[in-house]
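Chemist: Below is a structure I'd like to ask you about.
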Amino acid sequence: MWTLKGASNALKDASSLLIASFTPCSSQRNPEIEAAVIKATNHNNSRVDYRSAQLIFAWIRVSGHYIRPVLSALSTRMEKTRTWTVALKGLMLLHGIFTCKVPAVQKIGHLPFDLSNFKDRRPNLSQHEAFIRAYYTYLNKKSSFLLKHFDDRKEGTLRKGTKQKPKQSSMMQHLSWLENLQGLLDVLLEIKPQGEKMMNVLVLEAMNCIMLEIYDIYGRICNGIAAVLVRIYSIGRLEAGIAFSILQKASIQADVLSKYIDYCKDFGVTKASEKPKIVHIQKDDIQELEQIINRASSQHQSEQSTPDKDKSMSPVEGIDAIKRTNSLQLDVS
């Protein structure tokens, strides 16, 4: 039975490759790229074709013009498939494309295919289907995030050297960026393999990619919060309020993240054993930081009206109090 299934899947891939070989070359389609995409997303659920994936990444890094035929080939493949193996490999390939730091990748925006309602043709694979849908939801959200971040930076570059005032302060942009990162982390933590049926080489490899993504985003959040706290005495009450909300959410996410990593470690995800140091923010520390933020905001306002007014806590004392929380240290090694 397994042999017949394997032979059938191999025949499907061979047929797709044959059709791709007759594809006329254009700005939208490229037979060599389509063949590489088919190989990288083949039906074999026991191995990943890294060579074909790396070839695609190399093309994109050489020129952003390759992103269009790559996405076209990948979209065609994803829209036709009702096999979780092909769908998952396609999402892993797309995840790898996002690591290619070229403007064309950052400008993709909403994904050109939809797996939000993915269903496998075989029954009793609801856990695999949920995994695919969650992974797709994250990548779609990340793609929109990359586009927004790209547009924000482009707008900032255009405004430099002009008399136009920015729409919002750099601190507000930074806080918005942090909120978006925390939103990405929430969606990432929804990608979770369930049950013994998902104990598969391909699923474990996908989870290694997810873990690396989590470490990267968590590190950015921690570093971003630290950058806000060292400037806490120079920001206004509105920014301070947003910063405090971000800190509260960071405390909640730290707890969820710890449990998630422990679960993945027990499941057998290799990268889960390389988890960063997560120091949980205590409730008392949050209250102390709330007082510091409020005091800093009040001092900032009073200094503008009465610069010589005596202060109940100096900036140095406030920063020392922040450092005592020791809650923003990250060791990703």
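Chemist: What are the residues in region 191-215 that are without any contact (Cβ under 8 Å) to a residue 60 or more places away in the chain and closer than 24 Å to Ala53 by Cβ, if any?
Modeler: If the condition is that a residue be without any contact (Cβ under 8 Å) to a residue 60 or more places away in the chain and closer than 24 Å to Ala53 by Cβ, then Leu212, Ile214 are the ones that fit.
Chemist: Now a separate question. For the list (1) within 17 Å of Ala134 (Cβ to Cβ); (2) at pLDDT below 95; (3) in contact with a His (Cβ under 8 Å, 6 or more places away or on another chain), I need the number of the one condition that Glu213 fails.
Modeler: (2)
Chemist: Now, a different point. For region 35-85, enumerate the residues that are touching a Ser or Thr at 6+ places or on another chain (Cβ under 7 Å) and under 17 Å from Cys100 (Cβ atoms).
Modeler: Those that are touching a Ser or Thr at 6+ places or on another chain (Cβ under 7 Å) and under 17 Å from Cys100 (Cβ atoms): Ala36, Ala40, Arg68.
Chemist: Let me ask another. Can you pull out the residues in region 20-62 that are among the basic types (Lys, Arg) and crowded, with 17+ Cβ neighbours inside 10 Å?
Modeler: Lys39 - this is the single residue of region 20-62 that is among the basic types (Lys, Arg) and crowded, with 17+ Cβ neighbours inside 10 Å.
Chemist: If the requirement is being at pLDDT below 50 and not small (Gly, Ala, Ser), which of these qualifies: Lys309, Lys283?
Modeler: Just one listed residue meets the conditions, Lys309.
Chemist: A further question follows. Select from region 123-154 the residues that are among the aliphatic types (A, V, I, L, M), surrounded by 18 or more Cβ atoms within 10 Å (Cβ to Cβ) and closer than 30 Å to Met172 by Cβ and list them in ascending order.
Modeler: Leu139
Chemist: Within region 90-112, track down each residue that is surrounded by 17 or more Cβ atoms within 10 Å (Cβ to Cβ) and of a type in the set (A, V, I, L, M, F, W, C).
Modeler: Hits for region 90-112 are Leu91, Met92, Leu93, Leu94, Ile97, Cys100, Ala104, Val105, Ile108, Leu111.
Chemist: Given the criterion of a type outside the set (S, T, N, Q), buried (at least 18 other Cβ atoms within 10 Å of the Cβ) and closer than 26 Å to Gly96 by Cβ, identify the matching residue among Met199, Met211.
Modeler: Answer to the check: Met211.
Chemist: If you scan region 23-46, which residues turn out to be in a loop (DSSP other than H, G, I, E, B) and out of contact with any Asp or Glu (no Cβ under 9 Å at 6 or more places or on another chain)?
Modeler: Within region 23-46, Pro24, Ser26, Ser27, Gln28, Arg29, Asn30, Asn45, Ser46 meet the criteria.
Chemist: Could you check Leu247 against (1) modelled with pLDDT of 60 or more; (2) closer than 30 Å to Val201 by Cβ and say which number it fails?
Modeler: (2)
Chemist: Right, something else. Within the group Leu93, Leu139, which residue is touching a His at 6+ places or on another chain (Cβ under 7 Å), part of a helix (DSSP H, G or I) and of a type outside the set (Val, Ile, Thr)?
Modeler: Exactly one of Leu93, Leu139 is touching a His at 6+ places or on another chain (Cβ under 7 Å), part of a helix (DSSP H, G or I) and of a type outside the set (Val, Ile, Thr), namely Leu139.
Chemist: Here's a follow-up. Please verify whether Leu115 is closer than 18 Å to Leu17 by Cα, at pLDDT 95 or above and surrounded by 21 or more Cβ atoms within 10 Å (Cβ to Cβ), treating the condition exactly as stated.
Modeler: no
The values are calculated or read from the model by the stated rules, or taken from the named source; none is laboratory data. Source: prediction; values computed, not measured. Heads up, the Cβs are rebuilt from the backbone with ideal geometry, glycines too, and the neighbour counts pull from every protein chain shown.
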